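The values are calculated or read from the model by the stated rules, or taken from the named source; none is laboratory data. Nothing here was measured: the structure is a model prediction, and the numbers come from that model. Methodologically, a virtual Cβ is constructed for each residue, glycine included, from the backbone with ideal geometry; neighbour enumeration extends over all protein chains shown. Heads up: the accessible areas ignore ligands, DNA and RNA and are worked out on the full protein's heavy atoms, side chains in. Shrake-Rupley method; radii C 1.70, N 1.55, O 1.52, S 1.80 Å.
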Amino acid sequence: MVLTSIIITILYLILIGSFAVGFDKIPVFKLEDLPSKTKFSVIIPFRNEAEHVSELLKSIETLNYPKHLYEIILVDDASEDDSLSVVENFLKTKSTITNIFIIQNERKTNSPKKDAITSAINQAKNEWIITTDADCVLPKYWLDCFDEYIQKTNAKCIAAPVTYLSKNSFLNKFQLLDLLSLQGATIGGFGLKKPFLCNGANLGYQKALFTALNGFKGNSNIASGDDIFLLEKVAKEYPEALHYLKCEQAIVLTESQTSWKHLISQRLRWAAKTSSYNNWFGKLTGMIVLIMNALIIATVLLTLIGSFNFKILLYILFIKLNIDFFLIYKSATFFNQKDILKSFVFGFLIYPFFSIYIAFLSIFSNYKWKGRSFEK
């Protein structure tokens, strides 16, 4: 058991350490106030987002980008609350806004969000598609960042940064620490030229690329994964055209879950798609992280009953704590959220139990999302 523990810990150290190295290999992109050129179609599916969509619309209103170069397509996915009314009332009071449109989702598959994005792309007028979510707040120079990056690179698909709005609750802090670690791994993966993560709340790609890859064909039976599965296709067919936009002014803010119940449901949704991943590096990463968290729990329990050396447990915890902190520190610095590091130790102690609990539940449970039930 001791030898196994050492091997797993070394593998984990190498993996997370490599993400930290990869993180620094992606340079921070700086805006230079170039003349705007790229035409965008921004796609935002929404379902039961009456509580959040007003903040989204306010942030859209403050976008700096020339209005004739972009359109906003809001896709109503059979909302059962006042989301649609909120959007319609907003547009009625803003008679000067002529580039925001509402369409209805055309359901064809088991994935409502993929259907919504596909429905919008079929009506999109512009060359570049950018997706985000209805519970997001968009930064003022968001589209400017994408435009200048496109002008300077050969990118066909661009992943960009996402973080949670910071709130004064442990649940929010726990989720923020987790997301910062995921963003660290995302950026690190791109830096290592092994991209395996992205977030559909801030993802851009050429409409022609989406068509060439047959959109979401091949994974439309899986309810989630509109971002990851498309990333996998791009990484396989056009690896040199897949980029990460590491720019502070491109950071999209989104809402964390408001209860542990909702958080568990979200994570079950995320876990449901992992068995369908085709990216070997992503699968390897997930396996090493899961085994490491299982090791922490197992060695703690064995130590409590006197079957594992306490000093070795401390060494394992010390190594994991430091390498996790190293990566999250890099992310927190980039996202200007270093205050969250005050909660790091508490989150570090809870996370192994949380992640193993989710892994266990995902084996036996289906999940609910936005009032709908889905099978794995």
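Figure note: Glu255, Glu148, Glu32 ranked by solvent-accessible area, largest first, 1.4 Å probe, ligands and nucleic acids not counted: Glu32, Glu255, Glu148. To put it simply, the accessible area of region 67-122 at a 1.4 Å probe is 49 percent carbon and sulfur.
Calculate the length of the line joining the C-alpha centroid of region 63-84 to that of region 1-45, in whole Å. So the two Cα centres are separated by 29 Å. For region 13-130, lysine pairs separated by 8 or more sequence positions, or belonging to different chains, with Cα-Cα distances below 19 Å total 11. By how many degrees, 0 to 90 and rounded to 10, does the Cα axis of helix 142-152 deviate from the longest principal axis of the chain? Taking the Cα atoms of the chain, the angle to 142-152 is about 90 degrees.
Among Ile358, Ile187, Ile73, the largest mean-square fluctuation in a Gaussian network model of the chain, built with springs joining Cα atoms closer than 10 Å, belongs to Ile358.
Averaging 1/r across all pairs of distinct Cα atoms in the chain and inverting the result yields a Kirkwood radius of 21.6 Å. Rounded to the nearest 10 degrees, the angle from helix 310-334 to the longest Cα principal axis of the chain is 20 degrees.
Relative to the Cα centre, the charge distribution of region 21-133, modelled as +1 at Lys and Arg Cβ and -1 at Asp and Glu Cβ, gives a dipole magnitude of about 480 debye.
Gain on full extension, evaluated as 0.36 nm per residue between Asp82 and Lys108 minus their Cα-Cα distance, stands at 6.9 nm.
Whenever you get a sec, compute what percent of the accessible area on region 237-304 sits on carbon and sulfur atoms (1.4 Å probe).
63
Taking a cut-off of 15 Å, what percent of all Cα-Cα pairs in region 1-79 are separated by more than that?
Everything past 15 Å amounts to 75 percent.
Here the scattering of region 203-286 is modelled by Debye summation over its C-alpha atoms, one equal scatterer each and no solvent; at q = 0.11, 0.20, 0.23, 0.26 Å⁻¹ the log10 of I(q)/I(0) is -0.39, -1.14, -1.25, -1.29. Per residue of the chain, the DSSP helices (runs of n ≥ 4 H) give a summed -39500 (n - 2.57) that works out to -16500 deg cm²/dmol at 222 nm.
Here the label points at Leu349 and Lys236, each 7 Å from Cα along the C-beta direction, are separated by 4.5 nm in the simple model.
Any chance you could give the angle, 0 to 90 degrees and rounded to 10, that helix 83-93 forms with the longest Cα principal axis of the chain? Helix 83-93 and the main axis of the chain meet at about 40 degrees. What the Cα atoms of region 260-369 give is an Rg and a Dmax of 15.8, 43 Å. Remark: C-alpha extents of region 112-229 on the principal axes read 43, 36, 30 Å, sorted largest to smallest.
Placing +1 on the Cβ of every Lys and Arg and -1 on the Cβ of every Asp and Glu, with nothing else charged, gives the chain a dipole about its Cα centre of roughly 840 debye. If only the Cβ of Lys and Arg carry +1 and only the Cβ of Asp and Glu carry -1, the dipole of region 39-86 around its Cα centre is close to 440 debye. Highest GNM mean-square fluctuation among Arg269, Arg47, Arg107, for the chain modelled with Cα contacts below 10 Å: Arg107. With the cut-off at under 12 Å, measuring from each backbone N in region 242-279 to a point 7 Å along the Cα-to-Cβ line of Leu165 picks out 253-258. For the charge dipole of the chain, defined by +1 on Lys and Arg C-beta atoms and -1 on Asp and Glu C-beta atoms about the Cα centroid, which residue among Thr333, Ile158, Ser355 has the Cα displaced farthest towards the positive pole? About the Cα centre, the residue reaching furthest to the positive side is Ser355.
Note on region 177-309: dipole from Cβ charges, positive end direction compared against Asn219, Phe196, His243; the farthest Cα belongs to Asn219.
Counting only residues at least eight positions apart within a chain, or on another chain, the aspartates and glutamates with an alpha carbon under 18 Å from that of Lys156 are Glu127, Asp144, Asp147, Glu148, Asp226, Asp227, Glu232, Glu237, Glu240.
The label point for Asn309 and the one for Lys125, both projected 7 Å from the Cα toward the Cβ, are 7.0 nm apart. Excluding same-chain neighbours fewer than eight residues apart, the aspartates and glutamates reachable from Lys342 by a Cα-Cα span under 20 Å are Asp178, Asp324.
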